[in-house]
Each structure stands twice: as structure tokens, then as C-alpha cells.
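Structure first, then comments.
FYI, it's all coordinate maths here, none of it is from the lab. Small disclaimer: the values here were computed from a predicted structure and weren't measured. So basically every Cβ, Gly included, is an ideal-geometry build from the backbone, and we count neighbours across all protein chains shown.
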Amino acid sequence: MNILEQWKSELEEAQQTLEKFLSQPEQLEKCVEFSQILIEAYKNDQNVFSCGNGGSHCDAMHFAEELTGRYRDDRKPLGALALGDPSHVTCVSNDYGFEQIFARQIEGLGRSGDVLIGLSTSGNSKNVINAFNVAKSKGIKTVALLGKTGGELKNLADLPIVIEGPSSSDRIQEMHIKLIHTVIGSVERELFPENYQ
């Protein structure tokens, strides 16, 4: 396969992944519910937290900064935080173990009515699972963006959205970032309609 063929193959596979997702009405219903969960939280002056590992951690940070910053238009900041700043991670990893990094933070910061979004391409990230268990005990809604079979998080999350089909993490993460951008846009449109007139 030459370089041009490789480019075409990769882009076509990404297109097929998106088309498969779009063809499943139950997936789109879950996306609507994702928007409604965030809109309700923000209308009640709650906060949204996000977490993940590696590329999923980068997506969790991207998600939070577009809520506290801006997505497409100027508006007031929305309360969001990606769990896992370096000083916290090194402190908790050293004292309690890496599997507790998100759980300790959500236990300290989260309040009933908040939302925790976990990103995991396997659905089996132990530190995300532990955070979801703490969130449930505190009355925090949980949304999981997952891949493959959904793993343990599929049954733990209040709302699991599983990107089925692709086995590679990159295809799954591409869909996760698409979902992130779209849900942020839907929240902005609902909360700041003046920007969409």
C-alpha cells in the first residue's frame, strides 16, 4: 500500500465508523440524553467533571476547556474540570496508587447533581471505574464514552455510549471527540440561544 492509498484507507475507515454510528437510532437517542444531562446540570448551577487516560485524558481536558472557555461564540464560562492535574496525580499515585487518582479528586470536589464523564476506549480503566463508583455514592450522574464492547464501565455508567466496531483506539477516540464537540454545541445552543439567532 502506497502513501496515497494509506491516506484513503484511513479516511474511509473513519467515514465508515461515523456512518455506522449514524445508522443506529439508539446511539442518537443516547446522544440526545447526553445533551439533556449536561443542560439540566448547568441549569441547576452544577459542575461537570471529566477523566480518562492517555489520549482520552487529552480529550477530557479538551472537553473541559471548551466549557470553561468557549466553543464557537463568546458566552459566560460553564463549570467544568478535567480531573488529573500533575501534582494531584503524583501525590495520590504515590500515597494511594494510580487507580485512585480520579476517585480521590471526585470525592473531594464532586457534589450531588454534578456530572462525571469518563472516557475509556476499553471500558476497563480501573481509575475511571473507581471514580464512577465514588460518583454513584455521591449522587453524581455518570456518562461513559467507550469503545469495543464497553467493558465494565458499560454497566456502571448511567449513560454509556459505546463506539462499536473499530478495534483501534484511534478510531474510537476520533468518534469521542466528535461526540464531545457536538454535545458542547448542543449545550451552547440551548443555554445561549442569542448566539444562534
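Relative contact order of the chain, please, whole-number percent, based on alpha carbon pairs below 8 angstrom and at least 6 residues apart.
Numbers: 322 pairs, mean separation 41.5, N = 197.
Reported relative contact order: 21 percent.
Find the percent of Cα-Cα distances in the chain that exceed 24 Å, and round it to a whole number. For the chain, the fraction of Cα-Cα distances above 24 Å is 40 percent.
Note on the chain: Lys pairs 8 or more places apart or on different chains, Cα atoms under 15 Å apart, count 11.
Computed extension length for LEU28-ILE3: 5.6 nm, one decimal, from 0.36 nm per residue of separation with the Cα-Cα distance subtracted.
In segment 32-190, taking the dipole from charged Cβ atoms about the Cα centre, the farthest positive-side position among ALA82, VAL143, SER167 is held by VAL143.
Mind giving me the FRET efficiency for GLN15 and GLU65? R0 is 25 Å, r the Cβ-Cβ distance, nearest 0.05 is fine.
Working: r = 28 Å, r/R0 = 1.10.
In this case the efficiency is close to 0.35.
Calculated from DSSP H runs of 4 or more alone, at -39500 (n - 2.57) each and per residue, what is the 222 nm mean residue ellipticity of the chain, nearest 500? Intermediate values should be presented prior to the final figure.
Details: 8 runs with 113 residues, N = 197.
Only helices count here, giving -18500 deg cm²/dmol.
Computed extension length for ARG72-GLU164: 30.2 nm, one decimal, from 0.36 nm per residue of separation with the Cα-Cα distance subtracted. In segment 1-69, the inverse of the mean reciprocal separation of distinct Cα atoms equals 15.0 Å; this is its Kirkwood hydrodynamic radius.
Suppose R0 equals 45 Å. What FRET efficiency, 1/(1 + (r/R0)^6) with r the Cβ-Cβ distance, do PHE98 and GLU194 give to the nearest 0.05? Efficiency for this residue pair is about 0.55.
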